[in-house]
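Working notes for the structure below.
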């Protein structure tokens with residue numbers, strides 16, 4: 001049976017691939033921790049050949065479409081950013097075509113934006129999920145190491161902003177305030193304290209010290225330190241996003257544990273799209289764009 | 001020649017000591033990286049005996065006064081916090097007396113506070129410097145891993161707040177945005193960009209990503225990433241402190257590199273007190289308090 005295309009999400013820490021049937025369904029899938037950070041320069045083609053061998057052998061013409069950091073300066077081939085406003089057709093035109101043993105390999109470009117306050121911003125991978133989320137008007141929030149808030153208008157990415165919520169959380173988890181903290185069975189009490197602390201005066205640098213002070217005070221169990229920190233940081237991200245985009249509710253593209261954490265912060269009624277679904281729909285849409 | 005007392009600043013990462021003459025001058029000094037984090041439980045007395053042997057031998061009665069994390073749960077002997085409002089006499093009354101080979105050893109307590117928004121806060125060591133800074137009315141700022149803003153009224157510590165500016169900076173320096181960045185010869189261009197970015201909408205989690213985006217944009221030299229991050233974080237601390245204490249200018253207790261960084265953020269006219277001076281004056285004042 002011939003396939004329609006191979007979809008790849010090749011990011012910093014993971015390589016994930018799907019063999020897509022002509023009817024759009026997933027025929028097969030792979031996943032590994034061979035993100036671009038562990039691939040040596042010059043090693044991308046060989047790794048791809050090895051991991052995709054059965055799929056490539058079945059169909060000598062099947063093309064490969066990939067999104068993510070594989071197109072960055074530290075990836076396989078650097079693909080220049082496309083600037084906002086950016087449609088599926090713009091990404092299609094900006095995609096870089098390469099060749100691997102007779103197969104067309106397409107690398108989707110990242111997107112850059114410049115906001116009216118002079119901030120420059122970039123993303124690689126999230127643009128593809130945004131176009132596959134089924135949101136033509138409104139906001140999209142993609143939590144992660146670098147959370148992206150993306151504004152869609154008439155199916156086009158018009159602006160976006162990055163918040164380094166996940167990077168700060170990871171750094172704090174390794175730092176001494178949270179280093180020894182366990183992960184609690186029930187994160188909600190700590191999360192609730194974190195959301196309350198986020199409301200107080202003094203900003204996030206003051207709020208974060210409460211992760212230590214409230215434990216000394218007996219008000220926060222030591223096991224609740226990590227949910228306290230994560231919910232405080234998410235609340236800080238929400239407050240920042242509201243300054244940029246107002247109080248409109250975004251659509252979340254998120255899987256566990258981010259979906260629950262962000263849904264709790266955004267409140268009931270928020271729509272959640274599965275990231276894998278959004279990626280595959282996004283690649284199909286970019287491929288099909290004129 | 002007999003001494004008046006031995007002053008110790010025994011913190012998490014450093015042990016520093018001074019032999020103080022009856023006229024208040026420093027006769028001798030020691031310094032090592034034997035902070036409490038490297039001292040095994042039960043090893044404090046032996047370490048002190050070894051490091052202070054020449055001073056203790058010269059004067060069989062000289063007392064030892066110490067401030068800092070040595071009085072914490074992870075230190076030598078835990079000394080309960082004294083709560084605000086807190087004077088030199090309150091710290092004198094709260095000090096814990098121990099005995100080492102016939103010498104009186106006094107451990108100055110830390111201070112706790114509870115602000116009207118329900119935040120609990122603690123410090124150990126900074127209270128002693130605050131009382132020795134010569135500020136009887138007004139604000140004091142002590143930059144560090146955990147920056148302290150301390151409000152003095154009539155010579156008494158009435159409230160304070162902690163900002164984890166230094167901890168976040170250290171965590172960011174080890175994290176991937178800044179991991180590979182060099183330290184520039186001239187930090188000012190990066191610092192200026194950081195102060196500007198701190199003014200923009202979206203908060204500090206958005207601002208910090210600019211350390212990466214502006215390098216990609218060519219607007220920020222890669223070597224300026226660390227001064228960009230540090231000045232952005234200091235600006236965030238300042239904004240938080242203004243929310244708590246208004247726009248009053250604090251007195252800085254700081255040594256390089258914090259003094260220059262914070263003075264640049266606070267503007268011309270800020271008073272700077274040397275930390276060693278403040279510590280010794282603070283211990284003298286607590287010792288002498290009725």
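In A, who owns the beta-carbon nearest the axis carrying A over to B, and how many Å from it?
Whole-Å result, nearest residue of chain A to the axis: A:171, 2.
If you put a point 7 Å past Cα along the Cβ direction, how far is that point for residue A:271 from the same point in each other copy, in nm, smallest first?
From this label point to the equivalent ones elsewhere in the assembly: 6.0 nm.
Going 7 Å from the Cα of residue A:73 in the Cα-to-Cβ direction, what parts of region B:212-246 have a backbone nitrogen less than 14 Å from that spot?
Only B:212-225 pass the distance filter.
Counting DSSP beta bridges with both partners in the protein assembly as shown, what percentage is antiparallel, nearest 5?
On the way: 68 of 94 bridges.
About 70 percent, rounded to the nearest 5.
If I build a Gaussian network model for chain A, linking alpha-carbon pairs within less than 10 angstrom, which residue out of A:178, A:57, A:191 has the largest mean-square fluctuation?
A:57
7 Å along Cα→Cβ for the label point: how many nanometres lie between residue B:13 and each equivalent label in the other copies, listed shortest first?
2.6
Calculated FRET efficiency, residue B:104 and residue B:83, Cβ-Cβ r, R0 41 Å, to nearest 0.05? Don't jump to the answer; show the numbers that get you there.
Numbers: r = 25 Å, r/R0 = 0.62.
Working from the Cβ atoms, E equals 0.95.
Restricting the calculation to Cα positions, tell me the Rg (one decimal) and the Dmax (whole number) of region A:5-124 in Å.
Cα-based Rg and Dmax for region A:5-124 come out at 15.0, 51 Å.
Listing B:106, A:18 from the residue with the fewest other Cβ atoms within 10 Å to the one with the most, what is the order?
Neighbour counts put them in this order, fewest first: B:106, A:18.
Taking a point 7 Å out from Cα toward Cβ as the label site, list the nm distances between residue B:116 and the same residue in every other copy, smallest first.
For residue B:116, the inter-copy label distances come out at 3.7 nm.
Would you kindly calculate the translational diffusion coefficient of region A:1-47, applying Stokes-Einstein with the Kirkwood radius from alpha carbon pairs, for 20 °C and a viscosity of 1.002 mPa s, and quote it in µm² s⁻¹ without decimals?
186
Average the reciprocal distances over every distinct pair of alpha-carbons in the protein assembly as shown, invert the result, and give the Kirkwood radius in Å. Walk me through the numbers on the way to the answer.
On the way: mean 1/r = 0.0379 Å⁻¹.
Answer for the protein assembly as shown: a Kirkwood hydrodynamic radius of 26.4 Å.
Any chance you could list the semi-axes, whole Å, largest first, of the equivalent ellipsoid that the Cα gyration tensor gives for chain A, using √(5λ)?
Numbers: eigenvalues 274, 92, 56 Å².
Square roots of five times the eigenvalues give 37, 21, 17 Å.
Based solely on its DSSP helices, what 222 nm [θ] is calculated for chain B when runs of n ≥ 4 H residues each add -39,500 (n - 2.57) and the sum is averaged over all residues, nearest 500 deg cm²/dmol?
Working: 9 runs with 106 residues, N = 290.
Counting only the DSSP helices, I get -11500 deg cm²/dmol.
Report the FRET efficiency, 1/(1 + (r/R0)^6), for residue B:57 and residue B:31, where r is their Cβ-Cβ distance and R0 is 25 Å, rounded to 0.05.
Values: r = 20 Å, r/R0 = 0.80.
Efficiency, from the Cβ-Cβ distance: 0.80.
When DSSP beta bridges are limited to those with both residues in chain B, what percentage is antiparallel, rounded to the nearest 5?
Working: 34 of 47 bridges.
Taking every DSSP beta bridge within chain B, about 70 percent pair in antiparallel fashion.
Pairs of Cα atoms under 8 Å, at least six residues apart: use those to get the relative contact order of chain B, whole percent. Before the final figure, lay out the partial values.
Working: 549 pairs, mean separation 44.8, N = 290.
Across chain B, relative contact order equals 15 percent.
Modelled label-to-label distance, residue B:272 and residue B:182, 7 Å Cα→beta-carbon offset: nm?
About 2.6 nm, to one decimal.
Which whole-percent values make up P(r) of region A:183-290 when all C-alpha to C-alpha distances are grouped in 10 Å steps starting at zero?
Using 10 Å bins, I get a P(r) of 14, 37, 29, 14, 6, 1, 0 for region A:183-290.
At 0.36 nm per residue, and after removing the present C-alpha to C-alpha distance, how many nm does the segment from residue B:23 to residue B:49 gain when stretched out fully? Working shown, then result.
Numbers: separation 26, 0.36 × 26 = 9.36 nm, distance 2.50 nm.
Additional length available on full extension: 6.9 nm.
Between residue A:222 and residue A:117, what length in nm is gained on full extension when 0.36 nm per residue of separation is reduced by their alpha carbon distance? Please list the in-between numbers first.
Details: separation 105, 0.36 × 105 = 37.80 nm, distance 4.06 nm.
Stretched out fully, the residue A:222 to residue A:117 stretch lengthens by 33.7 nm.
Across peptide A:163-175, how many C-beta atoms of other chains are within 10 Å of each residue C-beta, on average?
Working: counts 8, 12, 4, 1, 9, 7, 0, 3, 10, 4, 1, 3, 8.
Per residue, the number of nearby Cβ atoms from other chains is 5 on average.
Tell me the label-point distance for the pair residue B:14, residue B:174, using the 7 Å Cα-to-Cβ offset, in nm and rounded to one decimal.
Between residue B:14 and residue B:174, the simple spin-label model gives 2.0 nm.
Coordinate-derived values only; no laboratory data. Predicted model, so just to flag it, every value in this text is computed and none were measured. Backbone-built Cβ (ideal geometry, glycine too); neighbour counts: all protein chains shown.
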